[in-house]
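Presented below is the structure to which this report refers.
The values are calculated or read from the model by the stated rules, or taken from the named source; none is laboratory data. Bear in mind the structure is a predicted one, so any value in this text is a computation, not a measurement. Reconstructed Cβ throughout: ideal geometry from the backbone, glycine too, with neighbour counts over all protein chains shown.
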Amino acid sequence: MEINLCGHRMKNPVIAASGTFGFGREYEDFYHPSLLGGISSKGLTLKPQKGNPGQRIHETPAGIMNSIGLQNPGVEEFIRTELTQMLSIDTLTLVNLGGHSIDDYMEGASRLEKTDAPVIELNISCPNVEKGGMAFGIQCIPAKEVVSAVRSVTKKTLIVKLSPNAENIAQMAAACEEAGADGISLVNTFQAMAVDVYKRKAVFERVTAGLSGPAIFPIALRMVHDAAKAVSIPVIGLGGIQQAEDAIAMIMAGATAVQVGTAQFMRPSLVPDLIEDMKRYKETQGIRSWGEIRGII
Ligand SMILES: Cc1cc2nc3c(=O)[nH]c(=O)nc-3n(C[C@H](O)[C@H](O)[C@H](O)COP(=O)(O)O)c2cc1C
């Protein structure tokens, strides 16, 4: 089941997606997190954030909308209290880093540079914050600026997380590669909206929120395919994966690894089964390594 992601050995291609797995301990009642190929931390910002007021999660058919607003303890507190414990889990740690300005991203990355964290997943795709976040992930020029700036302060593996709301996903992927990304991950959530017709109000205070879960899988798959065709760096595919076949389809579309998020909220013990099912598929199909089927479509 092993794969190599940007020079890092992973025991399997499955990573817990940022914001759906805390800092690695939250699912311990269900299975040991070292079973995963990797864990992406909750998105961090330079300073602590309380997150958004009002309702934060709303269920939709086959998905959820969220407006968490990057609630997090801040990079410094994360390094002091959470990072060592994350690194003690026998799995690849990805530190998901958000920001509101280029300076913010650079300062956050500089502080992480001094730690043993192996991978930074640069989140230029959060739709739920007032300033920054997804604003960097819509057009290629701001994306290139922020990726180059962060590249200049870190030698760590830099994976850039793209937004499905980007104007052109293939061009965005290529722009991030040109700016020095070692890999890309996609997709973050789709900007969406819900209305409570009885209250005659939008469900969320900020009106829009991010849609994730099985509802987005076919669109995410198409975007991973488009992005993978446009770059020569590794791609991590995510968005709505809920079973082994979805993860394998992502690999066939060009992904080296996958992330699983929202589906775990419906079934917290999903990941061990999904990994076992991927293993069974590989054995019964006579596949020796995932590279054999990667990008075959
Ligand atoms: C409650 C929640 C919080 C999230 N927080 C973050 C975050 O902090 N940083 C980030 O890059 N993505 C965040 N995401 C996006 C997920 O990592 C993932 O990109 C998205 O949900 C699509 O995958 P899924 O359909 O498997 O959940 C969050 C998603 C949810 C549902």
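Of all residues in segment 260-284, those satisfying the criterion of being farther than 14 Å from residue 214 by Cβ and either near the ligand (Cβ under 10 Å from one of its atoms) or in contact with a Leu (Cβ under 8 Å, 6 or more places away or on another chain) (or both) are 271, 272, 275. Residue 248 meets all of the listed conditions (1) surrounded by 14 or more Cβ atoms within 10 Å (Cβ to Cβ); (2) within 13 Å of the ligand (Cβ to nearest atom) but one, namely (2). Does residue 186 qualify as being touching a Lys or Arg at 6+ places or on another chain (Cβ under 8 Å), crowded, with 24+ Cβ neighbours inside 10 Å and touching a residue at least 40 places away in the same chain (Cβ under 8 Å)? In short, yes.
Among the candidates 43, 69, 74, single out the residue that is touching a Pro at 6+ places or on another chain (Cβ under 9 Å) and modelled with pLDDT of 95 or more.
Being touching a Pro at 6+ places or on another chain (Cβ under 9 Å) and modelled with pLDDT of 95 or more holds for just one of 43, 69, 74, which is 74.
Checking each residue in segment 269-296 for being in a loop (DSSP other than H, G, I, E, B) and loosely packed, with under 13 Cβ neighbours inside 10 Å picks out 269, 285, 286, 288, 289, 296.
Here residue 284 fits the description: among the polar types (S, T, N, Q), over 24 Å from residue 32 (Cα atoms) and free of Cβ contacts under 8 Å to residues at least 12 places away in the same chain.
Report yes if residue 98 is surrounded by fewer than 16 Cβ atoms within 10 Å (Cβ to Cβ) and within 11 Å of the ligand (Cβ to nearest atom), otherwise no.
Judged against the criteria, residue 98 is not a match.
If only residues of segment 169-202 that are touching a Cys at 6+ places or on another chain (Cβ under 7 Å) and under 15 Å from residue 140 (Cα atoms) are counted, the one that is farthest from the ligand (Cβ to nearest atom) is 171. Under the condition of being within 8 Å of the ligand (Cβ to nearest atom), in contact (Cβ under 8 Å) with a residue 40 or more places away in the chain and of a type outside the set (A, V, I, L, M), the residues counted in segment 203-223 number 4.
Between 70, 46, 36, the distinction of being touching a strand residue (DSSP E or B) at 6+ places or on another chain (Cβ under 6 Å), in contact (Cβ under 8 Å) with a residue 60 or more places away in the chain, more than 10 Å from the ligand (Cβ to nearest atom) and more than 21 Å from residue 215 (Cα to Cα) belongs to 36 only.
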